[in-house]
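Taking it in order: structure first as structure tokens, then the write-up.
Each reported figure results from applying straightforward, stated rules to the coordinates on display, with no laboratory input. Nothing here was measured: the structure is a model prediction, and the numbers come from that model. In this analysis, Cβ positions are derived from the backbone assuming ideal geometry, glycine residues included, and neighbour counts consider all displayed protein chains.
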Amino acid sequence: MRITIKLDQPADPDAFAVLWLDLEARHWSREMHCGVDIPSWGLVRTAPGATLICAPDSTDALCAMSGLDLDDRTRLVEGQSGHVVWYGNSSLSVRLDHWHVQCIEPESIEAENEVFDE
């Protein structure tokens with residue numbers, strides 16, 4: 001399953017990031033961004049009631065998408081949204097505080113250009 005998520009901030013519509021989450025591989029990749037600088041890919045973890053976005057070399061969360069429960073896939077719907085909580089000393093000058101699901105692709109899809117280091 002592949003999910004496309006947009007992180008944004010309603011107060012600054014020019015700042016956003018679009019993430020692609022691969023639930024089988026437990027990886028995410030940054031598909032596009034503007035006004036923010038986040039890593040190009042990393043690891044996906046789950047926590048009770050949240051999805052954690054981690055750097056590629058650490059299980060420490062960069063941020064949590066509150067309310068996005070990937071462990072209960074029956075509740076995932078396009079348009080679903082919630083709040084983003086950032087952790088640690090993030091280098092982001094703009095904090096994207098909102099997430100929403102843009103697209104859910106139930107079939108496993110092989111990326112045209114693989115960015116993940118195994």
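Overall dimensions of the range 2-105, expressed as equivalent-ellipsoid semi-axes from the Cα gyration tensor (√(5λ), whole Å, largest first), are 19, 16, 13. Taking the average, over residues, of other Cβ atoms within 10 Å as the packing measure, peptides 77-86, 61-70, 46-55 rank 61-70, 46-55, 77-86 from highest down. Taking every C-alpha pair closer than 8 Å and separated by at least 6 residues, the mean separation divided by the residue count of the range 2-105 gives a relative contact order of 27 percent.
Using the Cβ-Cβ distance between residue 1 and residue 85 with R0 = 30 Å, the FRET efficiency computed as 1/(1 + (r/R0)^6) comes to roughly 0.80. Note on residue 78 and residue 100: the extension gain reaches 7.1 nm, defined as 0.36 nm multiplied by sequence separation minus the Cα-Cα distance.
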